[in-house]
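Notes follow once the structure below has been shown.
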Amino acid sequence: MSYTGLGVYQQQPPKRPSRAPLWIALAAVVVLVGGGVTTAVLLNSGDDRAAPTTTSTSTSAEPDWRPVDDSQSGLAYELPPTWESSGGGASGRIRLTTSYVSRPFQCQGRSMIQAQAMAGSVVDDDPEQVATELVDRIVAGGYTVAGAPPAIGEPRVESSDDEGVRLSVEVTPKSANACYAPKATVSAVALRNGPKVSVFVLNVAEGGPHVAEGPSEDDVKRILGSVRLS
């Protein structure tokens with residue numbers, strides 16, 4: 001692992017020399033997690049071997065949105081058309097098979113993003129536990145800056161039953177600059193899927209100078225509302 005300089009460690013996957021790294025527009029925000037160690041901020045978008053997605057199976061998406069059907073996680077969802085695939089990873093015991101990032105932009109010589117969506121699965125029978133575990137890893141590991149943990153709001157459970165849960169957490173990192181947003185919301189949708197739980201997480205930088213490059217509030221609602229078993 002190498003240190004990125006923003007209080008975050010980055011696992012080093014294979015890279016393609018033709019693709020530049022992306023930085024998410026927060027002081028420190030999780031992008032992928034590998035080998036049980038939280039990784040953040042630097043997103044190596046060149047390795048897309050674990051992205052078994054197609055864009056032809058959804059019939060409900062409008063033509064200007066991207067339908068994603070991830071057969072490995074067992075989830076389908078919809079994203080804005082400018083979002084790009086960025087591979088997969090792992091968060092502890094949860095395998096993340098797909099990852100998409102919002103439209104990249106340039107700031108202070110870095111290629112950056114405002115949001116990321118990921119999907120995966122784990123053998124488990126408790127959707128709320130899986131959703132909470134994934135969000136906790138993202139929040140606690142990725143938003144700690146120079147050893148200072150972020151301010152974390154109380155989890156908001158939007159809905160919960162035996163078949164699934166939808167929840168979100170607000171995060172305020174203790175570092176910011178001209179490129180970074182002042183806060184974020186991490187949301188998760190976890191659905192029971194046979195012997196496993198399929199889980200989707202959406203990590204969104206809120207506010208800041210480049211907020212227009214990320215999803216709007218309506219976009220976020222639409223993304224989360226589109227998540228379903230495939």
>> Students often check this: by mean Cβ neighbours within 10 Å, which of 99-107, 182-190 ranks highest, and how do the rest follow?
In response: 182-190, 99-107
>> Give me the extension gain from SER159 to THR172: residue separation times 0.36 nm, minus the current Cα-Cα distance, reported in nm with one decimal.
In response: 2.3 nm
> Relative to the present Cα-Cα distance, how much length would full extension add between ASP125 and GLN106 at 0.36 nm per residue of separation?
Replying inline: 2.6 nm
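The numbers here are math on the coordinates, done by the rules we state, and not lab data. Because the structure is a prediction, the values reported are computed rather than measured. Heads up, the Cβs are rebuilt from the backbone with ideal geometry, glycines too, and the neighbour counts pull from every protein chain shown.
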